[in-house]
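Report on the following structure.
The values are calculated or read from the model by the stated rules, or taken from the named source; none is laboratory data. Note that this is a predicted model, so its numbers are computed, not measured. A quick note on method: Cβ atoms are made from the backbone with ideal geometry, for glycine too, and the neighbour counts reach across all protein chains shown.
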Amino acid sequence: MNPTRRSFLVGAGLLGLSGGLSACGASDSGPGSSAGSKDLSLWYWDGGLSPQAVKDTSATFSGRAKITTTVVPGDFKQRLKTAFTSRQDIPDITGIKGEDMPVFLTETGSFLDLNTLGARTIADSFATAKYAQATTADGQQIGLPIDLGPTALFFRADLWKKAGLPVAPGAVSALMTDWDGWFDTARRLKKALPGTFAIRNSGDVFGVALAQQHETFVARDGSFIGDQGGAKKAWKIALRSITDGIQAGIYNGSAFSEALTSGQLTGHIGPAWNGLDIEAGAPSTSGAWRVASCPGGPGNIGGSYLTLPGSCRNPELAFAYITELLSAANQSKGFAEASLFPALTAAYTLPALTAGQTFYGGQSTIEVFGPAAEHLPTVYDSPLNITIATSYNTELSNVEGGKEPAKAWKDAIEAGAEVVRSAA
Amino acid sequence: LSADDVMWAPAVSTLSRRRRLPRSRGRSQRGIPIWLALAALMLFPLVAAGTMAGVSIDSASRSADEALRAEQLVNAVELLDSARRSVDAEVLPTMLLGVLGNAADAKAAGFSPPRREVLRSTEPANLDRIRTESDQALDAVEAAPGGPGLHGVLVQVRAALLAVRALADGTGPSPLQEVADQYATIAGTFSSAQRSANAEAISAGLSQRSVAALQDFDHGLALSEAASSQLAALFASRVLPEPGGSKAQQDWVATWGTYTQLAGNSDELSTTGMRAAWTTFQSGDQIATFSGILERQALDPREEVLETGALPGLAWRSVQRDESVAVLLEYAVSAVTTAVRVDRARAVDRERLMVEICLAFGVLSLLDVGLVARWLTVSMRSLAAGAQQISQGHLVDVPPRGPLELRTAAAALSSAVAGLRRVQEQAQAVVTGDLETALRQQPLPGPLGEVVHASVEQIVGAFRAREALQDELAHQASHDALTGLPNRAETMRHLGAALLRSRLVGRQVGLLFIDLDGFKAVNDAHGHAAGDELLGEVARRLSAAIRGGDAVGRLGGDEFVVTVENTDVVADLVRLAERIIAAVSVPVRVGLDTGGDDVKQVSVGASVGVTVSSDLSTADALLAEADTAAYRAKRLGRGRFEIFDDVLRAELAEQADLAVDLRQALDAGELRLHYQPVVDVRTGDLVGYEALARWTRPGTGPVRPDVFIAVAEASTLVSDLGQWVLLEATSQLAYWRQEHLAGFGPDQAEPTVAVNLSGRHLADPRVLDDVSAALTASGLPPELLVLEITETVLTNDPRASLHLQELRSQGVRVAIDDFGTGYTSIGALSTTPADILKIDRSFIASDDPGHHQLATLITRAAHTFSLRVVAEGIETPEQLARVRADGCEEAQGYLFSRPLPPTEVEELTHPLFLIETTADPEPAAHKRPAPEWSPS
């Protein structure tokens, strides 16, 4: 499964042969005419991959492939979709954010089915739920997962200790078997440390709670179910964070950093990759943080994929490249540098992941994220979810701003239902 | 004209031409070269083309510059928009903090106290970050290539920002309205700057595609302005008190309306790429949702779709949307950049193309000029070189090259050369002596050819005539005209050569000397013509008698020799001598030449001397031996032969001794001259002397002149003797002349002196110098010198005649001595180079009336040819009377005086005889001289 140098060579040999045959035949200006190109372009966003892993992998391919890497600024999905729409400057390899995958899954023609390149043989290596989220209804595999976003509780051990709370990750995790445990600790923290908040904003709570649900806004049949079940459950939990006054209502990055640094925020709940934001926003708090189990159980938020657009100039080479880039060794670099939790389960035992982390006071966070990753619920992610979620989040902001929660709930449901109606 | 002359003629003319050529070449080099002339021809078109190209290049260059300027401007504007968005992002947090500053206002705006506290503690950091970003964005504009054009705006914006930030950050109640107004002003400044910069780019004269892309960019800028200001406008409408609140409400709605209108209308966009990006942007789920919420708020202003307190929490969504708009702008800028770069590339291409065309035109023109010039120059040079070579006489082919005119000229030159070649071939044939070829050559057509051919004919004719003449002269020089036999000189040459050859092979040469007996009698009896005929017949018989390889020669007169090579046996020579004697003795019929009227039969005999060479023999010695033997044969009875033997050798040795003594005598001055007077037979006056040599041999006594002169004539001694006589005689006469002695008197004609010259001396070129030296030494006028020669001298050697002519032309007189005894016909007198004829004494002394008649005839004939006649040997008054009767002018003889030594001559009384009317005059001389021998 390691990028299979052998299979690559065989593939390259076949390519060479087919190139030779086509050279002997009539001139062919069809889609395969550029097959065999050594030039490959790679798009990803800042933090989407470990730059070191990209660099190292490109280096191992030097001579075989010339990789041009672009760290795309701004709205990545917008740019990628614009490239597809205009059919200009489409990359040969591109990252896709986890939240955007449902949308791109509906545009299967834009991507190569990686099963045709041998993805099926390595499918078992990846976290099943994450791998499955890049599989179309008809079984095509659009992408290989880069990382996962298993959710967990990040907490300031120093502040928790000050509030008289346990700080050992195992003990804390034991308190987080359900959301009440978290609300309880939050209440105790607020009381012990006035002016502090347990969480940045209600949106975070909503997102984490929603990730724990098997169904959210849209059922597999396409019907709107945002007024019930999982969505309603998550809304209630998020609403409680507002009513309990444990969320700060902070939405911009600078304010978040400021609040983390000042200790206004005593903890955070979110996906593993939020660890990078915390570390970057409040480096002075290094060593004070710990990670414990997510309240109410794990869920997955985000985590990206590598895909090969249909116009890829050398699919075999590109596939070899991404399998190398996603090798356990490179995944461990991503975890260490960018808090990218590997989607490759085999990587969890690597020393880079199991080592104690300074920022977390020497805690090996894999102890928390590893089991979480292995127990992720399988969630149906509708392409409409992200749009509908915006309405729910906006209404939560409104509640934070003083809006009547019942009305906000009503408005959120109406807006969500409208999205489903419009899409149908 | 010789062959050398023929060769010299062109050489001389070439030389003179060579001298002229450098001058003419110098003149030709002052002209301009042909390539320069052609280049001058190309100058004006080149300058015109260059100017037009320059204008075109300038225009293309300006287009390229404008495209570059537009690209830079658009990039700068994009950066400016980034700054503008950032500044817009400052508005909401600034106003938020203003609101939060007052607890009541905050509460009124829907911010609970705990939330107020959180925001008041965290939001300043957010604002600071945004302000920093704004400042950095402005710096980035300044640093961009197109930034300097926006410098004024930046200064203005920075100042305004500084003011509004100070105002917002100031203590005391926050002047929200004023802050909002100032930010609005700043936004207006940004907007107008962006629009005018974009308009400037649009009006830069770019391509339609570029203008369309710029218009799309403008569209995007408008969208960006509307998007970034929306949320702040909504917030302001909520928090600003009246009256500003109403205006803020209007602004928010206007902003929303602008955004919505722009975002929903991608049809206005020109470029497909931009349209695709716009559509993607518009359909982006989160952006669409956020925009939809704002839309609901705008459409239902009475209901707070968005709580005021929720707005700060939505700011990140606005920023997110701004970033998406920024991506749109980026695409727009990219489209503009692509389009203007195409414009620029086209302009640069156009510029390059123009430059290339110009260069190509220039290079091709120069190449053209160069090639044509080279073509012309090379062909002209070839023609000139050919002409030059031809002018120097080298007949080279001139290859036809270059344009028609030059080819025609080359062909004409070649044709001329071909003609000259034929002339050359003719001349060459003349030079090499191949005259047949020279004449056979087809003449060159035209006047030149005719003249050349005529001249060749002339040359060939002259050449042939000269060759014939030379042959003739050579023959004449070596052969006897009468008999056709080799003459004396040739015979002696042949004899010398035969001796040499024989000596080489160890054999001997035999020589027969043949002296005819009775020839003089035949001559006297039947005339010279008969004698000549006889000699001719004798020559034929001698030729017939000898063997092949033997040679007959005529020494002169009636003397012949036969040279026999490779003989050792005297008996053979004896038999040959006998055959010759027999052959010659057969009677000869003469007179046949005169037509047979007077045919007579005459006969002569032959006395033959035979000798055989020894190793020491010379031609002269061998001849003397044979002569000596012949002389003895004659003495012993004629008609016989004698072999040269010891007796004869002794005689010859005696002669040799005599020759040695004579040489010594000459050197020692033992010889003397005696002078015999010559008188005018009519007046008896002295007219001259004949100088006669006398030698008294020590121990022996006087030697007869005929003896020692004969000895002298055997070698060049005779010439030395002649030289001495000349000097002595002229010297003596000059003395007398000076001293007025011996006939030199005031009223008398000056006497001459006659000197006898031998044939050998006269044939030698030294005779000219000897005569000249004698005259110079004595100072005697040449007319007073008379050279006496025998008539045989003239027939034996042609050089003698030439020398005689030369001497005569100097004024020296010539007398033919002993005339009548030789073989000169009277008819030949017309061409004989002489002034005086001396009739031989035998005619005077003879009693034969025939002799008298002959003397009369000779005298008459001489007169006819303007020759004076001197009678020799006058001894009696009768003889004097007779010659006087014949008309003879002068005479000499014992009757007047014998030869006398100078002192006695001076004593003579004049006249030497008295003119008497009697036929028997008495001798006038008081002394009767002894009979005299003639020197020859």
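In the stretch B:63-75, what count of residues is obtained for those that are in contact (Cβ under 8 Å) with a residue 24 or more places away in the chain and either surrounded by fewer than 24 Cβ atoms within 10 Å (Cβ to Cβ) or among the basic types (K, R) (or both)? Step through it out loud before you land on a result.
At the first step, the residues of the stretch B:63-75 found to be in contact (Cβ under 8 Å) with a residue 24 or more places away in the chain are B:63-64, B:66-75.
Next, from what is left, pick out any that are either surrounded by fewer than 24 Cβ atoms within 10 Å (Cβ to Cβ) or among the basic types (K, R) (or both): B:63-64, B:66, B:68-69, B:72, B:75.
Of the residues in that region, 7 qualify.
So that you can scan it fast, the table gives a plain yes or no per residue for (1) among the hydrophobic types (A, V, I, L, M, F, W, C); (2) in contact (Cβ under 8 Å) with a residue 24 or more places away in the chain; (3) at positive phi:
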residue	(1), (2), (3)
B:R638	no, yes, yes
B:Q655	no, yes, no
B:Y675	no, yes, no
B:D685	no, yes, no
B:L692	yes, yes, no
B:E713	no, yes, no
B:Q723	no, yes, no
B:L726	yes, yes, no
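Just one of B:R195, B:R209 is surrounded by 17 or more Cβ atoms within 10 Å (Cβ to Cβ), in a helix (DSSP H, G or I) and of a type outside the set (A, V, I, L, M, F, W, C); which is it?
The unique qualifying residue is B:R209.
Exactly one condition in (1) among the aliphatic types (A, V, I, L, M); (2) crowded, with 24+ Cβ neighbours inside 10 Å; (3) closer than 26 Å to B:P312 by Cα is not met by A:V368; state its number.
Among (1) among the aliphatic types (A, V, I, L, M); (2) crowded, with 24+ Cβ neighbours inside 10 Å; (3) closer than 26 Å to B:P312 by Cα, the lone unmet condition for A:V368 is (3).
Residue-wise test of (1) within 23 Å of A:P405 (Cα to Cα); (2) under 21 Å from the mean Cα position of the chain (by Cα); (3) free of Cβ contacts under 8 Å to residues at least 40 places away in the same chain.
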residue	(1), (2), (3)
A:K190	yes, no, no
A:F197	yes, no, no
A:R200	yes, yes, no
A:L210	yes, yes, no
A:H214	no, yes, no
A:R220	no, no, no
A:S241	yes, no, no
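For B:A103, indicate whether it is touching a Pro at 6+ places or on another chain (Cβ under 9 Å), more than 30 Å from B:A332 (Cα to Cα) and either more than 14 Å from chain A (Cβ to nearest Cβ) or at pLDDT 90 or above (or both).
Yes, satisfied.
Consider B:A332 carefully, then state whether it is surrounded by 23 or more Cβ atoms within 10 Å (Cβ to Cβ), closer than 18 Å to B:E66 by Cβ and at pLDDT 85 or above.
Answer is no for this residue.
Inspect all residues belonging to the stretch B:556-571 and state whether any of them is under 23 Å from B:A477 (Cβ atoms) and aromatic (F, W, Y).
Yes; the residues of the stretch B:556-571 include at least one that is under 23 Å from B:A477 (Cβ atoms) and aromatic (F, W, Y).
Filter the stretch B:888-914 down to the residues that are part of a strand (DSSP E or B) and not small (G, A, S) and list them by number.
If the condition is that a residue be part of a strand (DSSP E or B) and not small (G, A, S), then B:E890, B:L900 are the ones that fit.
Which of the residues that make up the stretch B:494-520 are in a helix (DSSP H, G or I) and without any contact (Cβ under 8 Å) to a residue 12 or more places away in the chain?
B:A497, B:L500, B:L504
For the stretch A:76-117, how many residues are at pLDDT below 90, crowded, with 21+ Cβ neighbours inside 10 Å and of a type in the set (S, T, Y)?
Residues in the stretch A:76-117 being at pLDDT below 90, crowded, with 21+ Cβ neighbours inside 10 Å and of a type in the set (S, T, Y): 1 in total.
State all residues of the stretch B:302-321 that are of a type in the set (D, E, K, R), under 17 Å from B:S229 (Cα atoms) and more than 10 Å from chain A (Cβ to nearest Cβ); if no residue qualifies, say none.
The first filter runs over the stretch B:302-321 and keeps only residues of a type in the set (D, E, K, R), leaving B:302-304, B:307, B:317, B:321.
Right, trim to under 17 Å from B:S229 (Cα atoms) and you get B:317, B:321.
Selection gives nothing.
Answer yes if at least one residue in the stretch B:108-129 is of a type in the set (G, A, S), part of a helix (DSSP H, G or I) and more than 14 Å from every other protein chain (Cβ to nearest Cβ), and no otherwise.
The answer is no; no qualifying residue exists.
Quick one: A:I250 ticks every box in (1) in contact (Cβ under 8 Å) with a residue 40 or more places away in the chain; (2) in a helix (DSSP H, G or I); (3) within 14 Å of chain B (Cβ to nearest Cβ) bar one, so which box is it?
With (1) in contact (Cβ under 8 Å) with a residue 40 or more places away in the chain; (2) in a helix (DSSP H, G or I); (3) within 14 Å of chain B (Cβ to nearest Cβ) applied to A:I250, the lone miss is (2).
Let me spell it out: the conditions are (1) buried (at least 18 other Cβ atoms within 10 Å of the Cβ); (2) away from every other protein chain (no Cβ under 14 Å); (3) modelled with pLDDT under 95, and A:E258 meets all of them except one. Which number is the exception?
Condition (2) is where A:E258 drops out.
So, B:L299, is that one farther than 28 Å from B:L97 by Cβ, more than 8 Å from chain A (Cβ to nearest Cβ), aliphatic (A, V, I, L, M) and without any contact (Cβ under 8 Å) to a residue 40 or more places away in the chain or not?
yes
Every residue, every condition in (1) within 28 Å of B:R672 (Cα to Cα); (2) modelled with pLDDT of 85 or more; (3) surrounded by fewer than 18 Cβ atoms within 10 Å (Cβ to Cβ), yes or no:
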{"residue": "B:E889", "(1), (2), (3)": "no, yes, no"}
{"residue": "B:Q892", "(1), (2), (3)": "yes, yes, no"}
{"residue": "B:L900", "(1), (2), (3)": "yes, yes, no"}
{"residue": "B:V905", "(1), (2), (3)": "yes, no, no"}
{"residue": "B:L912", "(1), (2), (3)": "yes, no, no"}
{"residue": "B:T917", "(1), (2), (3)": "no, no, yes"}
{"residue": "B:D920", "(1), (2), (3)": "no, no, yes"}
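Can you go through B:A650, B:A665, B:A606 and tell me which one is among the small types (G, A, S), free of Cβ contacts under 8 Å to residues at least 40 places away in the same chain and touching a Lys or Arg at 6+ places or on another chain (Cβ under 9 Å)?
B:A665
Could you check how many residues of the stretch B:753-805 are among the acidic types (D, E) and touching an Asp or Glu at 6+ places or on another chain (Cβ under 8 Å)?
2
Taking the stretch B:367-395, which residues are crowded, with 16+ Cβ neighbours inside 10 Å and in a loop (DSSP other than H, G, I, E, B)?
Of everything in the stretch B:367-395, just one residue is crowded, with 16+ Cβ neighbours inside 10 Å and in a loop (DSSP other than H, G, I, E, B), namely B:L395.
Quick one: which helices (runs of 4 or more DSSP H) sit completely within the stretch A:309-424 and have at least 2 residues that are farther than 26 Å from A:I246 by Cβ and more than 14 Å from chain B (Cβ to nearest Cβ)? Let's see the steps before the verdict.
Numbers: elements: A:315-325, A:328-338, A:351-354, A:366-374, A:385-400, A:405-423.
So the answer is A:315-325, A:328-338, A:351-354, A:366-374.
Can you tell me how many residues within the stretch B:237-296 are free of Cβ contacts under 8 Å to residues at least 60 places away in the same chain, farther than 14 Å from B:H219 by Cβ and within 14 Å of chain A (Cβ to nearest Cβ)?
Residues meeting the conditions: 16.
When you go through B:G273, B:G257, B:G264 one by one, which is the residue that is more than 15 Å from B:A184 (Cα to Cα), out of contact with any Leu (no Cβ under 9 Å at 6 or more places or on another chain) and surrounded by 19 or more Cβ atoms within 10 Å (Cβ to Cβ)?
B:G273
Inspect the stretch A:287-297 for any residue being within 21 Å of A:Q331 (Cβ to Cβ), at pLDDT below 95 and away from chain B (no Cβ under 14 Å) and give the result as yes or no.
No.
Could you list, in sequence order, the residues of the stretch B:322-359 that are free of Cβ contacts under 8 Å to residues at least 40 places away in the same chain and more than 14 Å from chain A (Cβ to nearest Cβ)?
Keep residues of the stretch B:322-359 that are free of Cβ contacts under 8 Å to residues at least 40 places away in the same chain, which gives B:323, B:345, B:349, B:352-353, B:356, B:359.
Selection gives B:A345, B:D349, B:R352, B:L353, B:E356, B:L359.
So which of B:L79, B:L41 is assigned to a helix (DSSP H, G or I) and farther than 30 Å from B:A236 by Cβ? Full working, then the answer.
Working: B:L79 fails: farther than 30 Å from B:A236 by Cβ.
Criteria check complete, one pass: B:L41.
Could you list, in sequence order, the residues of the stretch A:59-96 that are more than 12 Å from chain B (Cβ to nearest Cβ) and either free of Cβ contacts under 8 Å to residues at least 40 places away in the same chain or closer than 18 Å to A:G302 by Cα (or both)?
Residues satisfying the conditions are A:A59, A:S62, A:G63, A:K66, A:T68, A:T69, A:T70, A:V71, A:T94, A:G95, A:I96.
Of the residues A:F126, A:F206, which single one is at pLDDT 95 or above and within 30 Å of A:I388 (Cβ to Cβ)?
A:F206
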